[in-house]
Amino acid sequence: MFDYATLRFIWWALLGVLLVGFAIFDGFDLGVALLHPFVAKKDVERRVLINTIGPVWEGNQVWFILGGGAVFAAWPPLYAASFSGFYLAMLLVLIGFILRPVSITFRSKRDEPLWRATWDWLFFVSGALPSVLFGVAFGNLLLGVPFHFDQSLRFQYEGDLLSLLHPFALLCGIVSAVMLFMQGAAWLAGKTEGEINARARGIGAAAALALVLLLLAGGLWIATGIEGYRIESDVNYAGPSNPFGKTVVAGAGEWLLNYARFPLAAFAPLAALLGALGAAILLAIGSPLAILASSVSVAGVVTTAGFSLFPFLLPSSSHPDESLTVWDASSSQATLGLMLVAALFFLPIVLTYTSWVYWVLRGAVREAAIEKGDDHYY
């Protein structure tokens, strides 16, 4: 089997795969919820949007569950620290996730306009809350989170919910929301027809161009305006998981050093930018392939954050030496090895099942089918 250092690196990469899968698949679910008030103008159009994701949104959340499970089992100090430090933010994300199925299900229970309008706005909130908060969370990872450990390795968070709202973190929240506007519009470009399709493509193309500008602004801010972190001491890649055994320095531009060490990592930000530009063009000409270009951009954004942070998982802004990294925050070698065997068995099953579901559910959702009164539709 693999040695401890290799297993740690593999699970860092697998966590990235799961986050990319979540951002792509659940990303268009969230994007459709964000677009709902702006693209759908009448009740049947709102039902069309909901039904484009109705059969798949639950399956798409498997990526989120797998990601959370991977953090819990492979990186337990990260799980404990993030759920303690971001408790209120996590609670708001969960509220958003709860609102989505509730609003989808309950809006069709009664026909009164006020009833349906209320659930429609809650559906929008179910997309807006997680979209912005996930971006704010990634922004705070790049800024560093104020925390330390006591002598018994208990996590001590030194901030509060408001301290997470740094201007750079808010920019990342906007980037996340705009990115998911693009992803949701690209999904609708292949799943709808007529006026809904035209409105979605217009908003999506504008969002894709805005994303390019926001990514460039964010990159410039990272290069010149915020401090990154770097491990200065020697690293024992196969050593015990103990965050006290290293020295970390902070400085402007440190988050960009990985691109000098590993030039291939530069494909990630290039994919983010070129994918967004491609999505803008494909949405403008009405191509259903826009979802592929948009997904490339989404994957590029997520992997850019991961490559920039590597090997940090959760940098500490108040006690940088106690930051959590790939090399000092993992489970044991035996645990990582057993988890890898399970992942190699189950991940292909998830991918096969997901591919089959999307093949069966291919094609557009049409207003005529919904107005016909088919019980399969929300």
For a quick check: with amide H placed at 1.01 Å from N, whose amide H comes under 5 Å from Ser316's, ignoring anything fewer than 5 positions away on the same chain? Val145, Ser323, Leu324
Charge context of Arg116, other residues only, Cβ under 15 angstrom, K/R +1, D/E -1: +2
Sort largest first and round to whole Å: the equivalent ellipsoid semi-axes of region 187-312, each the square root of five times a Cα gyration tensor eigenvalue. 38, 15, 11
Region 278-378, accessible area per residue, ligands and nucleic acids excluded (1.4 Å, Å²): 51 Å²
Calculated SAXS-style log₁₀ I(q)/I(0) at q = 0.23, 0.28 Å⁻¹ - region 148-221, Debye, Cα scatterers: -0.95, -1.13
Hydrodynamic calc, region 14-71: Kirkwood Rh from Cα pairs, then Stokes-Einstein at 25 °C with viscosity 0.890 mPa s, so D in µm² s⁻¹ is 202 µm²/s
The answer for the per residue Cα convex hull volume of region 319-378, in Å³, is 194 Å³
Using 5 Å bins from zero, what percent of all Cα-Cα pairs in region 213-284 falls into each bin? 3, 13, 16, 18, 16, 12, 10, 6, 3, 2, 1
About the Cα centre, charge dipole magnitude for the chain (Lys/Arg +1, Asp/Glu -1 at Cβ), debye: 820 debye
Per the Cauchy relation, a quarter of the hull surface: what is the mean projected area of the convex hull of the alpha carbons in region 1-147, in nm²? 10.3 nm²
Eligible aspartates and glutamates near Lys246 by straight Cα distance, threshold 13 Å, same-chain separation 8 or greater: Glu232, Asp234, Asp321, Glu322, Asp328
Quick check of the Kirkwood formula: for the chain, what is the inverse mean of 1/r over all pairs of different Cα atoms, in Å? 21.6 Å
Extend 7 Å from the Cα of Gln156 along its Cα-to-C-beta direction; within region 242-265, residues with backbone N under 17 Å of that point are 243-245
Within-15-Å neighbourhood charge of Ala185 [Cβ basis; K, R +1; D, E -1]: -1
For region 142-156 and region 1-79, what is the separation of their C-alpha centers, rounded to whole Å? 27 Å
Whole-number accessible area per residue in Å² for region 68-167, which is evaluated in the context of all protein chains at 1.4 Å: 49 Å²
Please sort through the DSSP H helices of the chain and keep those with an alpha-carbon extent of at least 15 Å along the long axis and a Kyte-Doolittle average not below -1.0. 4-39, 43-53, 62-74, 87-106, 113-143, 167-191, 194-224, 267-285, 290-309, 333-360
Paramagnetic reach from Val360 in region 191-216 [backbone N under 16 Å; point 7 Å along Cα→Cβ]: none
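The values are calculated or read from the model by the stated rules, or taken from the named source; none is laboratory data. Bear in mind the structure is a predicted one, so any value in this text is a computation, not a measurement. As a convention, Cβ positions derive from the backbone with ideal geometry for all residues, glycine included, and neighbour counts pool all protein chains shown. For accessibility, only protein heavy atoms count, side chains too; no ligands or nucleic acids. Shrake-Rupley method; radii C 1.70, N 1.55, O 1.52, S 1.80 Å.
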